[in-house]
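Comments concern the structure below.
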Amino acid sequence: MDYGHLNNILILFSAAVAVIVLFLRLRLPSILGYLAIGVVMGPFGLGWIRDIEYIRAFAEFGVVFLLFTIGLEFSLPQMVRMKGAVLGLGLFQVLLTTLGTATVAWYMGFSTESALIVGGVVAMSSTALVIRQLTDQVELHSRHGRNAVGILLFQDIAVIPFLILVSIVSSTGSEKAFILIAQALGEGILAFIMILSVGRWVLRPLFRGIAKFRSTELFTLTALLVALGAAAITHQLGLSLALGAFLAGMMLGETEFRHQIEAEIRPFRDVLLGLFFITIGMLLNIRIFLDQWPTVILLLTLLIFFKLVLITGLCRIAGWNNAVSLRTGLVLAHSGEFSFAILTLAYTAEIFPADFTQSILAAILISMGLAPIIIRYNDGITKRFFPKGAVQSRRAIREKVRDTAKDLSHHVIICGYGRIGQNIAHFIECEGIKYIAMDLDPVLVQNAIKAKEPVTYGDAASSHILRAAGLERALAVVITIDDLDAALKILYRVREENTDIPVLVRTADDSQLETLQQAGATEVVPETLEASLMLSSHLLISLGIPISMVFARARQIRRERYSLLHQLFPGED
């Protein structure tokens with residue numbers, strides 16, 4: 001048996017571990033680390049790995065699993081909630097970016113189909129990079145964050161037609177391509193109906209039966225079989241593997257097993273997607289880049305500024321102010337992983353000239369390298385261009401919060417008005433205690449305002465917003481946000497303004513109990529431990545134990561910071 005490739009695999013994994021640790025310490029996206037590994041170790045770098053075809057064939061499944069997990073998260077109710085950002089901003093961003101870029105490419109001598117493929121490459125942004133960076137900066141649920149996520153969601157869906165177009169052009173050439181695209185879309189709709197029907201009538205009972213065995217191994221194998229089986233079906237129809245994976249994810253996304261399937265698939269997705277980005281880095285020829293650096297810089301500049309201006313303009317037309325519009329544009333002014341997916345297929349099929357492919361590949365790589373920096377400082381950049389707009393936007397939000405809280409005194413400030421925040425509000429309202437709630441979900445806030453609830457849009461991690469909510473007059477602050485970084489940020493701001501006010505923080509479990517207590521939380525309420533405590537209390541009462549003794553025991557456990565409930569025996573999971 002030939003083990004010739006084993007050394008190459010060991011080199012790749014060793015480099016991946018070292019480089020990803022470095023990038024994570026620098027708080028940079030791991031995607032950039034994988035790209036750097038490919039550039040340095042590939043045939044055009046140090047040349048440690050020259051035969052990349054066997055790696056590329058294996059790594060393409062990373063894109064398959066990425067689309068599968070995106071399908072798991074995609075749902076029609078989500079589309080309805082974000083229809084303005086997805087079907088409005090997202091649709092026009094992809095359409096106008098593609099048509100604008102394709103027009104320029106067509107004038108440069110590209111065929112119509114090739115020009116549209118170039119447009120698709122430019123239209124995409126990095127979902128993984130943006131979501132990771134905005135989450136770290138606690139901006140995912142801000143106005144510009146929600147706009148960006150809506151546009152990215154449409155891009156993730158729109159990549160399918162571009163992958164189909166590349167497959168058709170590579171196999172048949174440009175002749176009759178549009179007819180074949182229409183045929184492919186028809187086949188795609190047929191495949192969607194078939195797979196969705198199978199999912200509704202077969203997969204839900206199948207996974208229920210598999211779940212009864214309580215075997216992680218069997219469950220994982222079944223999930224892999226479904227993802228790869230659906231990909232094989234669309235491939236047999238002449239469509240892309242990724243389309244089948246996306247449809248399979250969609251049909252499983254409506255089941256109760258969605259989260260478990262995602263957890264089981266994620267390790268395969270992350271490792272294979274890492275290999276995919278390494279192979280992309282290996283495609284970059286440093287020598288050609290050095291020879292053509294003026295062209296690369298020109299393409300990079302056009303890419304960033306074209307997308308920045310277009311997305312900012314679309315947001316302004318949609319009614320957002322200058323500050324929010326520019327921040328949305330800055331977040332998305334780069335290319336992404338699906339740009340690589342489209343470009344890789346086109347490169348393999350020799351649709352583009354080699355020099356052009358290298359130039360645009362280099363421009364995409366550099367744009368993704370700059371993206372974390374641009375996203376990190378999007379607020380500062382916006383203040384420089386629109387200082388009055390940024391101030392007015394914050395001032396308008398602050399004034400709305402102040403108006404809502406102007407008549408409140410001895411009230412409770414609820415940070416996060418989701419399910420738990422709303423339940424707390426109803427509970428204290430029954431006792432005659434007033435409150436003001438803040439949330440970053442504009443749809444939720446609007447619905448609450450229509451119902452005459454004292455809820456306002458605002459970032460509770462802002463000292464100005466907390467003061468506007470009457471922090472100095474409040475009885476207590478409750479943080480219900482299920483995000484540790486956001487909760488800590490709010491907690492620090494509260495303690496900067498008021499060191500004595502009681503602050504209660506909700507967490508999913510007790511893993512961050514000490515961190516939140518050290519940051520100044522008066523009480524930390526872990527959901528899992530409280531559920532155990534309440535269930536035990538009801539059990540003891542039903543067994544005839546006096547209610548006073550049960551309540552005393554519960555109070556003792558809470559005073560001891562749930563120490564009794566930490567005495568756990570580890571199981572298989």
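The values are calculated or read from the model by the stated rules, or taken from the named source; none is laboratory data. Since the model is a prediction, treat every value here as computed from it, not as a measurement. So basically every Cβ, Gly included, is an ideal-geometry build from the backbone, and we count neighbours across all protein chains shown. To get the accessible areas, we keep the full protein, side chains included, count just its heavy atoms, and leave off ligands, DNA and RNA. Shrake-Rupley method; radii C 1.70, N 1.55, O 1.52, S 1.80 Å.
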Hey, does the range 489-503 have a residue that's at pLDDT 85 or above and under 19 Å from Asp441 (Cα atoms)?
yes
Tally up the residues in the range 490-499 that are surrounded by fewer than 20 Cβ atoms within 10 Å (Cβ to Cβ) and not polar (S, T, N, Q), please.
4
Going by what's in this entry, would Val39 be described as at pLDDT 75 or above and outside any loop (DSSP other than H, G, I, E, B)?
yes
Cβ-Cβ under 6 Å, sequence separation 6+ or interchain: first residue in the range 206-219 and farther than 11 Å from Glu264 by Cβ and touching a residue at least 12 places away in the same chain (Cβ under 8 Å), partner open to solvent by 40 Å² or more (accessible area, probe 1.4 Å) and assigned to a helix (DSSP H, G or I). Which pairs?
Ile210/Leu218
Using the structure shown, decide if Tyr417 is in contact with an Asp or Glu (Cβ under 6 Å, 6 or more places away or on another chain) and either surrounded by fewer than 19 Cβ atoms within 10 Å (Cβ to Cβ) or of a type in the set (Phe, Trp, Tyr) (or both).
yes
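Based on what the data block shows, is Ala461 surrounded by 15 or more Cβ atoms within 10 Å (Cβ to Cβ), more than 23 Å from the chain's Cα centre (by Cα) and touching a residue at least 60 places away in the same chain (Cβ under 8 Å)?
On the way: surrounded by 15 or more Cβ atoms within 10 Å (Cβ to Cβ): yes; more than 23 Å from the chain's Cα centre (by Cα): no; touching a residue at least 60 places away in the same chain (Cβ under 8 Å): yes.
It is false that Ala461 is surrounded by 15 or more Cβ atoms within 10 Å (Cβ to Cβ), more than 23 Å from the chain's Cα centre (by Cα) and touching a residue at least 60 places away in the same chain (Cβ under 8 Å).
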The lone condition Glu187 fails out of (1) open to solvent by 60 Å² or more (accessible area, probe 1.4 Å); (2) modelled with pLDDT under 70; (3) assigned to a helix (DSSP H, G or I) is (1)
Cβ contacts < 8 Å: first residue over 13 Å from Val63 (Cβ atoms) and of a type in the set (S, T, N, Q), restricted to the range 227-238; second residue assigned to a helix (DSSP H, G or I) and open to solvent by less than 30 Å² (accessible area, probe 1.4 Å), any location; separation 6+ or different chain. Result?
Thr234/Gly188; Thr234/Ala191; Thr234/Leu243; Thr234/Gly244; Thr234/Leu247
Quick check on Leu247: is it at pLDDT 75 or above and either open to solvent by less than 60 Å² (accessible area, probe 1.4 Å) or under 30 Å from Ile366 (Cβ atoms) (or both)?
yes
So, restricting to strands (runs of 3 or more DSSP E) that lie completely within the range 452-532, which ones have at least 1 residues that are closer than 19 Å to Tyr417 by Cα and of a type outside the set (A, V, I, L, M, F, W, C)?
455-457, 503-507, 523-526
Filter pass, His426 being at pLDDT 85 or above and surrounded by fewer than 19 Cβ atoms within 10 Å (Cβ to Cβ)
yes
Does the range 257-264 include one or more residues that are part of a helix (DSSP H, G or I), open to solvent by 20 Å² or more (accessible area, probe 1.4 Å), more than 30 Å from Thr216 (Cα to Cα) and out of contact with any Ser or Thr (no Cβ under 6 Å at 6 or more places or on another chain)?
no
Any idea which of Val198, Val122, Val159 is of a type in the set (A, V, I, L, M), open to solvent by 10 Å² or more (accessible area, probe 1.4 Å) and either within 25 Å of Tyr34 (Cα to Cα) or at pLDDT 80 or above (or both)?
Val122
